[in-house]
Amino acid sequence: MAFVSIKNVFARAALATPEQFDEWSKLWRIATQSGSQEPLIAFMAREAGLTEETFLEKLAGALGWPFVNLKALDIPVEARARVSTKVAFQHVVMPTAFTDGVLQIAVSNPFDTALLNAVQFDAKCPVQFALAPRAEVEKALKKYYGVGAETLQEMSEDEPLELDLASDKEITEGDQEASVIKFVNQIIWEAFKARATDIHFEPAEDELRIRNRIDGILHQIPLPPQLKRFQAAIISRIKVMSGMNIAEKRLPQDGRINVRIKGEEIDIRVSTVPTVYGESVSLRLLLRGKIFLSLDKLGFPADEEAAIRELIVKPHGIMLVTGPTGSGKSTTLYAFLSSINSVHKRIITIEEPVEYELKGINQIAVRGDIGLTFAMGLRHILRQDPNVVMVGEIRDQETAEIAIRAALTGHLVFSTLHTNDAPSAFTRLIDMGIEPFLVASSVEAVMAQRLVRTICPSCKTEQKVERDYLMRIGFPADEVATTQFKYGRGCEDCRMLGYQGRQGIHELLLVTESLRPLIMNRAPASTIAQRAMEGGMRTLRMDGWKKVQQGITTIEEVLRVTQTEEHLQSLMEDGGTRLLARTSK
């Protein structure tokens, strides 16, 4: 369509005068020659000071075309089958309906004659064009055709693998490489955009499922149905990227990929395990620039933050952080170390892996293949005259014994344990074979933590909750009337989930003189928990309720991450609801 006819359409739509159009089109051509890839419609909408959606609605009226809301449509298979995957993705068009022999197709640029002609030729039937924002068309393509569908059209099952991927590979949107490489890059790119922490490739009998873990929850991504045929090529590609042996399919393997996305360094830890239907592959995405948070950004209540700041400057003792995998323990330990890092302290860590490099701190990575374990590394660290030692995880009796010996001989030790709550840490150490009196005298504090999803600020709204339900779940009775409960309705910013980002909830147990006899006498975790709560300890759920009262998260999210609090449940069954209400103030 010539510029002169476009000019008339813009004038009819009251979007631009002829003079304005001439000026904008000139600026767009200059920008294009300078390397800009911004589409004409998006450029014009920006110049007109309108959103692309509003701009296209006005344009549709002038053209006599429909304007469609793709988010509200359920597009039938019959319509999608009329346009090939290649044409749909190449020209960014989405078939929306097939009625009475006429195919409706949503486009974002009505002035691209090559696009219109290609679509009409491919459809081989009468076509009615409609307008929709480009971003919505792209989302619909991924939803209905599947992520990477256009790439799979280019792949053949016997496509050779390229083995020369550099370690500093830059992954960009629309990577133009060999199709299997492009597909894997696209999966990583989509996960990065979605803020995923993990990608799981899971083979089944008739499909290869790919799921992303976003804010701690797994989400299955839409994929083309023919993906299973290329399972071997995709998994082999990942193994090549991570330096694994592609011929070994019977044993688990571990590897690492270093890539850059939008200039940001991403460290990807890769793990494969053999399953009945092929190798299952998990990718852990470590965003080096985002793992670090300062102590005041971790969401501690003011009194707990003050207590922690006193603990982390002590000359000796052990402070443990407990919780399941992915609960933010490493981030918390890094915040502790950063807070006390100075030229006057020698700090040494041993980790698996080193997730974030801290300037001024000596960090050692565990290497099991050469015998450098936590215990061995810790033993040699103590000969290096450290003031502070951080052990990534206490896994066995040997590591625990050396850590306790270090704490008793004048070292401050930070480490992690996999227990459900803080009181269980003492039982866990004793079960490892550590003498109770050593545990009681060396451990200064234990902090359990979980990550709760935070309500999306763009769609946060008030939530009505029945009082009876709040009483059943142990919400503080005297806080019900004054609490305004919130939840997220779901919007574009949070991908209709209602949540965006995560924050920690914590259970800080300070080892006081009243607790030491209980530990030495091997008291059960529930007894230690009750005594600690009487001394003012807030459990994970209590801290969660505080986050609910502050409008940070939802009731459902707190219940989801604290449902294993057996000691709290037993206390509530014994009338502990009153205790809960009293100590959570």
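For T454, the residues whose modelled amide H falls within less than 5 Å of its own, excluding neighbours fewer than 5 places apart on the same chain, are Q500, G501, R502, Q503. Solvent-accessible surface of the range 1-146, taken per residue with a 1.4 Å probe and all protein chains present: 50 Å².
Taking 0.36 nm per residue of sequence separation and subtracting the Cα-Cα distance, how much length would be gained by fully extending the chain between F121 and A477, in nm to one decimal?
Going from the current span to full extension adds 121.4 nm.
Along the range 305-319 the Karplus relation, 6.51 cos²θ - 1.76 cosθ + 1.60 evaluated at θ = phi - 60°, assigns HN-Hα couplings of 4, 5, 5, 5, 4, 6, 5, 7, 10, 5, x, 7, x, 10, 10 Hz to successive residues, with x for each Gly and Pro.
Couplings 3J(HN,Hα) for the range 226-233, derived from phi with the Karplus relation 6.51 cos²θ - 1.76 cosθ + 1.60 (θ = phi - 60°), are 7, 4, 4, 5, 9, 4, 4, 5 Hz, where x marks Gly and Pro. Counting only protein heavy atoms and using a 1.4 Å probe, what share of the accessible area of the chain belongs to carbon plus sulfur, as a whole percent? Roughly 49 percent of what the probe reaches on the chain is carbon or sulfur.
At most 14 other Cβ atoms within 10 Å and a DSSP loop assignment: could you name the trypsin sites (Lys or Arg not before Pro) in the range 47-130 that fit?
Those satisfying the criteria are K124.
For the range 8-50, the average shadow cast by the Cα convex hull is 2.8 nm², which is a quarter of the hull's surface. Angle of helix 540-549 to the longest C-alpha principal axis of the chain, folded into 0 to 90 degrees and rounded to 10: 50°. Rolling a 1.4 Å probe over the heavy atoms of the protein chains gives the range 211-272 an accessible area of 46 Å² per residue.
Sequence gap at least 6, Cα distance under 8 Å: using those rules, report the relative contact order of the range 311-451 to the nearest whole percent. Don't skip to the end; give the middle numbers.
Values: 256 pairs, mean separation 54.5, N = 141.
RCO, the range 311-451: 39 percent.
Accessible surface computed residue by residue for the range 275-432, with neighbouring protein chains in place and a 1.4 Å probe, gives 43 Å² per residue. The Kirkwood radius of the range 296-349, taken over pairs of alpha-carbon atoms, gives through the Stokes-Einstein law at 20 °C and 1.002 mPa s a diffusion coefficient of 173 µm² s⁻¹.
In loop segments of the range 458-562 as defined by DSSP, the GluC sites (Glu not before Pro) with at most 16 further C-beta atoms inside 10 Å of their C-beta are E466, E492, E513. Annotation for the range 213-277: GluC sites (Glu not before Pro) lying in DSSP loop with at most 15 further Cβ atoms inside 10 Å of their Cβ are E248.
What's the angle, to the nearest 10 degrees (0 to 90), between helix 52-63's Cα axis and the longest principal axis of the chain? Approximately 20 degrees, to the nearest 10. Structural descriptor for the range 463-540: relative contact order 22 percent, calculated from alpha carbon pairs under 8 angstrom and at least 6 residues apart. Close amide-amide hydrogen proximity is noted between A106 and M94, T96, A130, each under 5 Å apart and 5 or more residues distant or on a separate chain (H modeled in the peptide plane; Pro and chain starts excluded).
For P(r) over Cα pairs in 20 Å bins from 0, in percent, which listed value, (1) 16, 43, 34, 7, 1, 0; (2) 17, 41, 31, 11, 0; (3) 20, 51, 25, 4, 0, comes from the coordinates shown? Working out P(r) over Cα pairs in 20 Å bins from 0, in percent from the coordinates points to (2).
Computed log10 I(q)/I(0) for the range 1-120 at 0.15, 0.22, 0.23, 0.24 Å⁻¹: -0.76, -1.35, -1.41, -1.47, from the Debye equation with unit scatterers placed on every C-alpha and solvent omitted.
Kindly flag which residue pairs out of K58/K182; K71/K249; K239/K262; K182/K547 have an alpha-carbon separation exceeding 31 Å in this structure. Violating the 31 Å Cα-Cα cut-off are K58/K182; K71/K249; K182/K547.
In the range 335-476, what is the volume of the convex hull around the alpha carbon atoms, normalised per residue and reported in Å³? Mind dumping the intermediate values first?
Working: hull volume 26.6 nm³, N = 142.
Hull volume normalised by residue count: 187 Å³.
Once C-alpha pairs closer than 8 Å and six or more residues apart are averaged by separation and normalised to the residue number of the chain, the relative contact order reads 8 percent. About its Cα centre, the chain has a charge dipole of approximately 700 debye under the convention of +1 per Lys or Arg Cβ and -1 per Asp or Glu Cβ, with nothing else charged. Find the centroid of the Cα atoms in the range 459-535 and in the range 398-437, then give the distance between the two in whole Å. Rounded to whole Å, the Cα centres lie 26 Å apart.
Across the range 352-361, coupling constants 3J(HN,Hα) worked out from phi with the 6.51/-1.76/1.60 Karplus curve, θ = phi - 60°, read 9, x, 7, 7, 8, 8, 9, 5, x, 10 Hz, and Gly and Pro carry x.
The values are calculated or read from the model by the stated rules, or taken from the named source; none is laboratory data. Since we're looking at a predicted model, the values are computed, not measured. FYI the Cβ positions are ideal-geometry reconstructions off the backbone, even for glycines, and counts take in every protein chain you see. Surface accessibility is based on the protein's heavy atoms, side chains included, excluding ligands, DNA and RNA. Shrake-Rupley method; radii C 1.70, N 1.55, O 1.52, S 1.80 Å.
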